[in-house]
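Encoded as structure tokens, the structure appears first; notes follow it.
The values are calculated or read from the model by the stated rules, or taken from the named source; none is laboratory data. Everything numeric in this text was worked out from a predicted model, so none of it was measured. Virtual Cβ from ideal backbone geometry, glycine too; neighbours counted across all protein chains shown.
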Amino acid sequence: MATLIIASISNHSGKTALAAALAVKLGTEDTPVAIGKAALKDSAVESDVGVFEHLLPGNPSVSGAVGEIASNISNLTTSPKISIVEGSSDTESNLQLANETDGLVLLVARYGEEISNVADAYGSRLAGVVVNAMPKYRSEGADDGIPQGLREKGINLLGYIPDDRRMLSPKLGHVAEFLDGQFLSGGDQSDQLLDNFLIGGLVLDWGPFYFATRTNTGVIVRGDRPDVQLAAIQTDTTRALLLTKGVRPVEYVIYEAGQRGIPLIVVPGSTHDVAEKLEGLQPQVGFDHEDKLHRMVELVSEHLDISVLEDQLAQPVTR
């Protein structure tokens, strides 16, 4: 069985998302890829393992401490052709894992990180490099820098994954909890994602036109502004209203929101305070939703050349 370790240079580089997407791309219904996470020393793996089990319920699990992964793979009751193990940003630990499993390392680097020295450390175990979180306006000149240095060393650059709003989106329920909010309606939609937030305040444009400028939007609006609330409700892109100052809206707004299936959440604090507080939510947003997996699979399909990876995994494993 071929083993692929997903490593990174720093934490929160997208290892979990890439591992899950590759498990989808490299596996089939009859031969699913085994997937899991290696723990560093006494660190916990439950969070990411839970993500894999939730998003990829049909895939065998190979999680455990670094020194246990190899035996866990050999003890699988099924016989997958490939196992994918999420490693860490610790090069020494990833190399130990690669040596014990006789596996390959795929290095994930965020745009702007120095790649060469870390890539060199993995030597012949390195299958390639993926650059994640490529800024939208930097992609045109990307091939002028990093790839040239990698090519000179014979390192495979599989491609660049661009920044994507969907991957940063929080769940509505997470937003409500973070803001100490209370659902007036639509609590059954707490699992849906909000890609954008708009403030419903002094809007100079026609209300529905303004609120339609973003998709999958949470609108932050004073609870005592039914005019702005109704304008947001009329827009197909509005997914929830966050009603500030702890004020319950008028019954007509509640009725119209119910007719259109738009959740209403009453939150404490002013509109400005709520918008400012939401800036602190981003570090807590994780890769924990089926829509994010679908989007990551699309991004991998569009921007990475995984045939290079498939060719290497098909070769004899000893390096």
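Just to be sure, is residue 246 farther than 26 Å from residue 295 by Cα and at pLDDT below 95?
When the stated conditions are applied, residue 246 does not pass them.
Among the numbered conditions (1) modelled with pLDDT under 90; (2) within 24 Å of residue 306 (Cα to Cα); (3) part of a loop (DSSP other than H, G, I, E, B), tell me where residue 76 comes up short.
Every listed condition holds for residue 76 apart from (2).
Go over the candidates 238, 213 one by one and state the one that is among the β-branched types (Val, Ile, Thr) and closer than 16 Å to residue 173 by Cα.
238
Filtering the range 223-257 down to residues that are assigned to a helix (DSSP H, G or I) and not aliphatic (A, V, I, L, M), which residue is surrounded by the most Cβ atoms within 10 Å (Cβ to Cβ)?
Selected residue: 229.
So which pairs qualify, if the first residue must be in the range 171-200 and part of a strand (DSSP E or B), the second must be modelled with pLDDT of 95 or more and among the acidic types (Asp, Glu), the Cβ gap must be under 7 Å, and the two must be at least 6 apart or on different chains?
Pairs that qualify, where the first residue is part of a strand (DSSP E or B) and the partner is modelled with pLDDT of 95 or more and among the acidic types (Asp, Glu), are 171/191; 193/291.
Which of (1) surrounded by fewer than 20 Cβ atoms within 10 Å (Cβ to Cβ); (2) assigned to a loop (DSSP other than H, G, I, E, B) is the odd one out, the single condition residue 68 does not satisfy?
(2)
Within the range 265-282, which residues are part of a helix (DSSP H, G or I) and without any contact (Cβ under 8 Å) to a residue 24 or more places away in the chain?
Matches in the range 265-282: 272, 276.
Could you please let me know if residue 99 is assigned by TED's automatic domain parsing to the domain that holds residue 124, buried (at least 21 other Cβ atoms within 10 Å of the Cβ) and of a type outside the set (Gly, Ala, Ser)?
For residue 99, the condition - assigned by TED's automatic domain parsing to the domain that holds residue 124, buried (at least 21 other Cβ atoms within 10 Å of the Cβ) and of a type outside the set (Gly, Ala, Ser) - is not met.
Among the residues of the range 18-60, write down those that are surrounded by fewer than 19 Cβ atoms within 10 Å (Cβ to Cβ), at pLDDT 90 or above and over 13 Å from residue 82 (Cβ atoms).
Within the range 18-60, 53, 54, 57, 58 qualify.
Of the conditions (1) in a helix (DSSP H, G or I); (2) in contact with a helix residue (DSSP H, G or I) (Cβ under 8 Å, 6 or more places away or on another chain), residue 286 fails just one. Which one is it?
That leaves (1) as the condition not met.
Any residue at all in the range 225-235 that is within 17 Å of residue 174 (Cα to Cα) and out of contact with any Asp or Glu (no Cβ under 8 Å at 6 or more places or on another chain)? Talk me through it step by step, then tell me what you get.
From the range 225-235, those within 17 Å of residue 174 (Cα to Cα) are none; that's our starting set.
No, the range 225-235 contains no residue that is within 17 Å of residue 174 (Cα to Cα) and out of contact with any Asp or Glu (no Cβ under 8 Å at 6 or more places or on another chain).
In the range 62-118, which residues are at positive phi and among the small types (Gly, Ala, Ser)?
Initial filter on the range 62-118 (at positive phi): 64, 102, 112.
Matches in the range 62-118: 64, 112.
Considering 183, 211, which residue is surrounded by fewer than 21 Cβ atoms within 10 Å (Cβ to Cβ) and either under 13 Å from residue 262 (Cβ atoms) or aromatic (Phe, Trp, Tyr) (or both)? So that I can check it myself, show each step before the final result.
Values: 211 fails: surrounded by fewer than 21 Cβ atoms within 10 Å (Cβ to Cβ).
So the residue among 183, 211 that is surrounded by fewer than 21 Cβ atoms within 10 Å (Cβ to Cβ) and either under 13 Å from residue 262 (Cβ atoms) or aromatic (Phe, Trp, Tyr) (or both) is 183.
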